[in-house]
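Enquirer: My structure is below; once you've seen it, I'll send some questions.
The values are calculated or read from the model by the stated rules, or taken from the named source; none is laboratory data. Bear in mind that the values here come from a model prediction, so they are computed numbers and not experimental data. Every residue, glycine as well, gets a Cβ built from its backbone with ideal geometry; the counts of neighbours run over all protein chains shown.
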Amino acid sequence: MVRYAFISLCLLCTTLQAQNIQKENTHPKESWYIGLQGGVPFGINTFNSFGSDKIRLGYSGGLFCGYHLNPILSLEAQAAWGSFGMSARDCCTAYWLGADENRYLVPVLGEDGWSYADLYSEVSLQRYGLQLNVDVLQLFSRNSERRLTLEVSPLLAVTGTKARIKTRDGDKQVMKGDNNWHLGAGGNLSMNYRINQNLSLGIYSGIIWLTGSQIDGMPQHIHQKNYIWESGMRLGWTFGKKPKPRQLHTPATPVEVETAPLVEQPTIIIEVAQPIEEKQTVTQVTQVEQLTVTFPTIFFAFNSIRPAPGQRENLQEILAILLEEPEMKITLTGWCDNRGSVAINNRISHQRAEAVKKWLVSNGIPAGRIHATGKGIDNHATDDAKARRVETKTEEK
C-alpha cells in the first residue's frame, strides 16, 4: 500500500507542476498519437527468469495510443501480449514439487513429484494499462523545438498470467495453471527521438509490481516478490501538423524597402566669363548619386544559431562590401520559421543576428557600424529553410 500511495503522490505532484508551466507556455503541443512497442520481459518470483540453469529471455509486443495534454504531459493507454520463462534460483533447486502441487523439502515416499532443479515455468502474459508520461527535459528547459524527450511514466495496469510447469528435460508439461488476473502498479523510463514532424523512435525500461497469486505457478515460499521487468523499443506516429504559435497581439508587418545611402559628391563650381562691366554669375551644381548594394542572405539550420554549413562564402561577401565602404552602417535582421513558441523564436532570431555581427566584428568591422535585431517568426514564409535567415540592409545617413 505504501508503494501505491507513493506512486499516486508522484502523479499528483507532476500534474500540478505541469499545469503551472503550461500557463507560461504559449504553444502547447496538443495532438493524438499511436504506436507499436516490443520488448523482452523478465519475471521475478519463487522461480526467476534469471534462473540457476540460464537466463530465460521472453518476448512481448503491443499497441499504445495517447494524447499530448501539453508539451510536458501525455496520457497513454497500452495493451501488450507476450511470454517469458522462469526456473528455480540457486537457493531453491533442492526443493520438491509434489503431484498434489505442494512444496516439500525432500521427495515424499510413494508420492509423484519433481525436483525444482528439473522444472521451469512457461508464463503467458497479457497487460492492459494506463500511464502518464512526464517529459523531464521540458520541466527544466522548455523548448518546443527539441527532438529528444526523456519521460518518466507512472503506470497502472491489469495483468493476466497463465503458468505451465514443464520439465527441463523433454519439455513435458507436468502442471497447468489457471488464468490469474493481477492489479499492478509501476513505471517506465523512456527516451524518444523525433525523426520528423510525425515519426518518433524510442527505447524504454520499466517494472510493474503485481498483486495476487504467484506468476510462476509454484507454491509460495520465502520469495514473495511478484513483478515483471521489461525493456524494449517504441515506434510512434503523431497525427496532424504542428499549429502555428498563438500570439496575443499580431502587429502588422511593415514592408521594408531597401534604401541606399546618399553619397554627396564634391561641389563643382562653374565660372562663366562675363564682360568687365558685368557682374560674374556663379552657378553651383550638386551631383547626388544613390549607391545600391545587394547583400547575400545568411541561412541557418533548424534550432541553430550558427550559420549553416556553406554560408562562409556569403559572410565573406558581406565582409568585403563593408571593408570597401568604410563609412557604411548596416542592420542585421534575424528570422525563424513557425515552429516553436513566440518567446523562443524571438530570442533565437536575435541570437542569429548577433552571431553574424560577432563574426564580422572578429574580422575587423567596428561594432558601432552594425545593428543586430530579431523579428521572430516569419509568418509569410512558405519554405521553412528560407525562413531561418539573417538579412542585411544598409542604414540611411
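Enquirer: Which one of VAL174, VAL106, VAL136 is in contact with a Ser or Thr (Cβ under 7 Å, 6 or more places away or on another chain), among the hydrophobic types (A, V, I, L, M, F, W, C) and either at pLDDT below 95 or not assigned by TED's automatic domain parsing to the domain that holds LEU63 (or both)?
Expert: Matching residue, one of VAL174, VAL106, VAL136: VAL174.
Yes or no, residue by residue, for (1) surrounded by fewer than 20 Cβ atoms within 10 Å (Cβ to Cβ); (2) touching a strand residue (DSSP E or B) at 6+ places or on another chain (Cβ under 9 Å); (3) more than 16 Å from SER304 (Cα to Cα):
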position	(1), (2), (3)
ASP337	no, yes, no
ASN346	yes, yes, no
ASP383	yes, no, yes
THR392	no, yes, yes
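Enquirer: Please go through the range 199-241 and give me each residue that is crowded, with 17+ Cβ neighbours inside 10 Å and of a type in the set (Gly, Ala, Ser), ordered by number.
Expert: SER200, GLY202, GLY206, SER213, GLY217, GLY232, GLY236
Enquirer: Is it true that GLU76 is farther than 30 Å from LEU189 by Cβ and charged (D, E, K, R)?
Expert: Answer is no for this residue.
Enquirer: Tell me which of these THR297 doesn't satisfy, since it passes every other one: (1) within 21 Å of the chain's Cα centre (by Cα); (2) under 17 Å from LYS386 (Cα atoms).
Expert: Tallying (1) within 21 Å of the chain's Cα centre (by Cα); (2) under 17 Å from LYS386 (Cα atoms), THR297 fails exactly one: (1).
Enquirer: To continue, here is another question. Would a scan of the range 117-130 turn up a residue that is in the same structural domain as TYR193 (by TED's automatic domain parsing), farther than 24 Å from TRP209 by Cα and basic (Lys, Arg)?
Expert: No, there is no match, as no residue in the range 117-130 is in the same structural domain as TYR193 (by TED's automatic domain parsing), farther than 24 Å from TRP209 by Cα and basic (Lys, Arg).
Enquirer: Looking at (1) over 30 Å from MET86 (Cβ atoms); (2) modelled with pLDDT of 90 or more; (3) in contact with a Lys or Arg (Cβ under 9 Å, 6 or more places away or on another chain), which one does VAL158 not meet, given that it meets all the others?
Expert: (1)
Enquirer: Still on this structure: State whether one or more residues within the range 49-70 are under 30 Å from ASN345 (Cα atoms), aliphatic (A, V, I, L, M) and surrounded by 21 or more Cβ atoms within 10 Å (Cβ to Cβ).
Expert: no
Enquirer: Additional query: So SER87 clears everything in (1) assigned to a helix (DSSP H, G or I); (2) under 22 Å from THR161 (Cα atoms) except one condition, right? Which one?
Expert: (1)
Enquirer: Looking at (1) among the small types (Gly, Ala, Ser); (2) modelled with pLDDT of 95 or more; (3) in contact with a helix residue (DSSP H, G or I) (Cβ under 9 Å, 6 or more places away or on another chain), can you tell me which one GLY129 breaks?
Expert: Of (1) among the small types (Gly, Ala, Ser); (2) modelled with pLDDT of 95 or more; (3) in contact with a helix residue (DSSP H, G or I) (Cβ under 9 Å, 6 or more places away or on another chain), only one is false for GLY129: (3).
Enquirer: Then there is this: In the range 127-151, which residues are part of a strand (DSSP E or B) and without any contact (Cβ under 8 Å) to a residue 40 or more places away in the chain?
Expert: Residues satisfying the conditions do not exist here.
Enquirer: Pairs needed: first member in the range 107-121, without any contact (Cβ under 8 Å) to a residue 24 or more places away in the chain; second member anywhere, surrounded by 18 or more Cβ atoms within 10 Å (Cβ to Cβ) and among the aliphatic types (A, V, I, L, M); C-beta distance under 8 Å; at least 6 residues apart or different chains.
Expert: What qualifies is GLY113/LEU97; SER115/LEU97.
Enquirer: Can you list residue pairs whose Cβ atoms sit under 7 Å apart, with the first residue in the range 377-391 being aliphatic (A, V, I, L, M) and the second being assigned to a helix (DSSP H, G or I)? Count only pairs 6 or more apart in sequence or on different chains.
Expert: ILE377/VAL342; ILE377/ASN345; ALA381/ALA387; VAL390/ARG352; VAL390/ALA353; VAL390/VAL356
Enquirer: Only residues that are surrounded by fewer than 17 Cβ atoms within 10 Å (Cβ to Cβ) and part of a loop (DSSP other than H, G, I, E, B): list them for the range 306-326, please.
Expert: Those that are surrounded by fewer than 17 Cβ atoms within 10 Å (Cβ to Cβ) and part of a loop (DSSP other than H, G, I, E, B): ARG306, ALA308, PRO309, GLY310, GLU325, PRO326.
Enquirer: Could you please find all residues in the range 189-205 being outside any strand (DSSP E or B) and either within 16 Å of SER74 (Cα to Cα) or of a type in the set (Gly, Ala, Ser) (or both)?
Expert: Of everything in the range 189-205, just one residue is outside any strand (DSSP E or B) and either within 16 Å of SER74 (Cα to Cα) or of a type in the set (Gly, Ala, Ser) (or both), namely ASN198.
Enquirer: Determine whether ALA163 is within 41 Å of the chain's Cα centre (by Cα) and more than 21 Å from ALA77 (Cα to Cα).
Expert: Considered against the rule, which asks whether it is within 41 Å of the chain's Cα centre (by Cα) and more than 21 Å from ALA77 (Cα to Cα), ALA163 comes out as yes.
Enquirer: Just to be sure before I move on: is SER52 in the same structural domain as LEU139 (by TED's automatic domain parsing), over 23 Å from the mean Cα position of the chain (by Cα) and part of a strand (DSSP E or B) in the structure I sent?
Expert: Considered against the rule, which asks whether it is in the same structural domain as LEU139 (by TED's automatic domain parsing), over 23 Å from the mean Cα position of the chain (by Cα) and part of a strand (DSSP E or B), SER52 comes out as no.
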